[in-house]
Every structure is written in structure tokens, then in C-alpha cells.
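What follows is one structure encoded as C-alpha cells, with my remarks underneath.
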Amino acid sequence: MTTPMTAMPLTRALARLSPVGLAELVDRAALQTRVDRKYLVPTEALPGLLERVAPHARALDVDGRRTFRYESVYFDTPRLASYHCAAYRRRRRFKVRTRTYVDSAECWLEVKISGARGSITKHRLPYAARDSGTVHPGRDFVDEALARESFAPAGGALDPVLVTDYHRATLLLPATASRVTIDTGLTWRDVDSTLRLPGVAVVETKSASAATPVDRMLWQAGLRPVRISKYATGLAALRLDLPDVPWRRTLRRHFRGTTPSVGTAPTLTHRPEKEASCA
């Protein structure tokens, strides 16, 4: 995939940061249990943000690359139990997805649990990229992860519902052992259509609990955390029949001016089988 021209200033800004390798990043800030804060930031503001954060941050560098293409496939029950848990603000929620690092073809099956006080716990299983559109080879792992977090087994089908595609840069903030991800070129696809969000980046801080220097810089710039989920908010933007109260402000401000294009994603199918519910 060709790097968009709008990404070039970001690429140059990232190149000015000190590098960090993947092994060191994971060792110092794995943060499988963490607090996430998400911001929607105009892409033209990113180089200035990186310039200010440079004394505090190092950029993930793998073989000279500092931005990486990600593709995630999100799975849900036929009645969208995972989505509705988020839409109705259940205290504890689950999300099931595969994540493919497109540049390396590395793939993981992930179960994310949202718990009390905004904490996130992630369970990961190495996965074959050829199986990214199905949970079948890893279904036992999914059910065991849910049970370990005191969720009832999902039961029945877990079908692919939404595909997201974007480019990500990752920063390490050594002083706080925290991470920041910057996602640009966001695209969502469901069975019927495709939606793109040009000119806006999702900046996410990931820390054990306390705010990071990047949070404080964003606050000083007048930006505050927003309610956004790549799965739930993206699906709500594509399917206007779904409840969208938690993300309505975000949708109106950033998504409603966009027009989904008609298309198909042949790997996304639904089968009416036994339903599951949230814990």
C-alpha cells in the first residue's frame, strides 16, 4: 500500500525521535492490563505534537520503519452481543478480534476485557494469518479467556462483523513506562460498505493508571479524551439502525459528514445460531 501524501510530515516528525526496538518496548511497557485514553486529533497537528513530546518519547523502529499497517477483524454473535454490551455501557465488556501486522504477516487472536474504572485486560494467542477471518481454530482459547475473566462462554457463532485498516506509529514514554499509539488512514468495512475518516488521527495513551505527558500536552491544547471504539463506533457509523448513545457526540462531530461507499467484504457473513450475553 502506498503511503498517503498527508502522512509524509508525520513520517518526517517520527524520524526525529530516538528509536526503540520492539523487544525493549514490550519489556518496558507491555501493559496487557492498562488504562486507555483516546483522542481524535487533526492529522496536521501531529508533527507539532511529536516535536513537543520528543524529549519524553522514543519511536518504535523495526528495520528502519516507524509506521506499520494494521488490519483487525472483529467478531460478534449474530445479535451483536459484544456491540450491545458497549452500546448499553455494561460495566464489563468483551471484544474478540484478530489483528494482523500486514508488513510482517504476523497475526494474533485477541480477547479484550473492559473492566472497572476503565481498565483493559488483553489475552493474546499467536495465530495463522490465513485464519484471520475466523475464530474457529482458536475458539477454545476465546472461551477459556472469557471464562478466566468470569464471563459466560460466548456459545454459538462468533462471526466476522467488521474489518478495520489503518497505519500505526507507537511511542514509548520511558519515564512513565507507558505507550502512545497514533493511528492514521482509518478505514472500516462491513458486509455492505466502506467508510474512511480522512484528516483525523486516533491518538491513544496506554498507561498503568496515571496520565502521561502526552495526555497533559493534549489537554493543554484543548483536546479531551473522547468515547471511541474502532469496533463499536465504526459499526455504528456504518449501521444507522444500531443504538449509538455512548459515541453519538463523536459520530456527529467526526463521522456523520462522511459517506460510506458501497462495497462488499466477502469474508463477513452471519449465521443465526444460539445467542450469548454479556456478564
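The values are calculated or read from the model by the stated rules, or taken from the named source; none is laboratory data. Computed from a predicted model, the values in this text were never measured in an experiment. Cβ placement follows ideal geometry from the backbone for every residue including glycine, while neighbour counts extend to all protein chains displayed. Areas reflect the complete protein model, heavy atoms only, side chains present, ligands, DNA and RNA absent. Shrake-Rupley method; radii C 1.70, N 1.55, O 1.52, S 1.80 Å.
In table form, for the structure just shown:
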| item | result |
| --- | --- |
| Residue 83 modelled with pLDDT of 95 or more and either of a type outside the set (A, V, I, L, M) or in contact with a His (Cβ under 7 Å, 6 or more places away or on another chain) (or both) | yes |
| Criterion violated by residue 87 - all others in (1) out of contact with any strand residue (DSSP E or B) (no Cβ under 8 Å at 6 or more places or on another chain); (2) open to solvent by 40 Å² or more (accessible area, probe 1.4 Å) satisfied | (2) |
| Residue selected from region 199-251 under the condition open to solvent by less than 30 Å² (accessible area, probe 1.4 Å) and part of a loop (DSSP other than H, G, I, E, B), by the criterion nearest to residue 183 (Cα to Cα) | 230 |
| Failed item in (1) among the hydrophobic types (A, V, I, L, M, F, W, C); (2) open to solvent by 40 Å² or more (accessible area, probe 1.4 Å); (3) touching a residue at least 12 places away in the same chain (Cβ under 8 Å), with residue 147 passing the rest | (3) |
| Conditions (1) open to solvent by 30 Å² or more (accessible area, probe 1.4 Å); (2) in a helix (DSSP H, G or I); (3) modelled with pLDDT of 85 or more; number of the one not met by residue 8 | (3) |
| Residue count, region 92-101 (criterion: touching a residue at least 60 places away in the same chain (Cβ under 8 Å) and either in a helix (DSSP H, G or I) or buried (at least 16 other Cβ atoms within 10 Å of the Cβ) (or both)) | 5 |
| Residue count for region 128-144, restricted to those that are open to solvent by less than 30 Å² (accessible area, probe 1.4 Å) and hydroxyl-bearing (Ser, Thr, Tyr) | 1 |
| Checklist (1) open to solvent by less than 40 Å² (accessible area, probe 1.4 Å); (2) assigned to a helix (DSSP H, G or I) applied to residue 112, failing item | (2) |
| Count of residues meeting criterion [open to solvent by less than 20 Å² (accessible area, probe 1.4 Å) and more than 18 Å from residue 28 (Cα to Cα)] in region 50-69 | 2 |
| Any hit, region 227-248, residues being aromatic (Phe, Trp, Tyr) and modelled with pLDDT of 90 or more | yes |
| Flag for residue 174 being within 21 Å of the chain's Cα centre (by Cα), open to solvent by 40 Å² or more (accessible area, probe 1.4 Å) and not basic (Lys, Arg) | no |
| Checklist (1) among the small types (Gly, Ala, Ser); (2) more than 14 Å from the chain's Cα centre (by Cα); (3) within 16 Å of residue 229 (Cα to Cα) applied to residue 114, failing item | (2) |
| The one condition in (1) surrounded by fewer than 17 Cβ atoms within 10 Å (Cβ to Cβ); (2) touching a residue at least 40 places away in the same chain (Cβ under 8 Å); (3) touching a Ser or Thr at 6+ places or on another chain (Cβ under 7 Å) that residue 166 fails to fulfil | (1) |
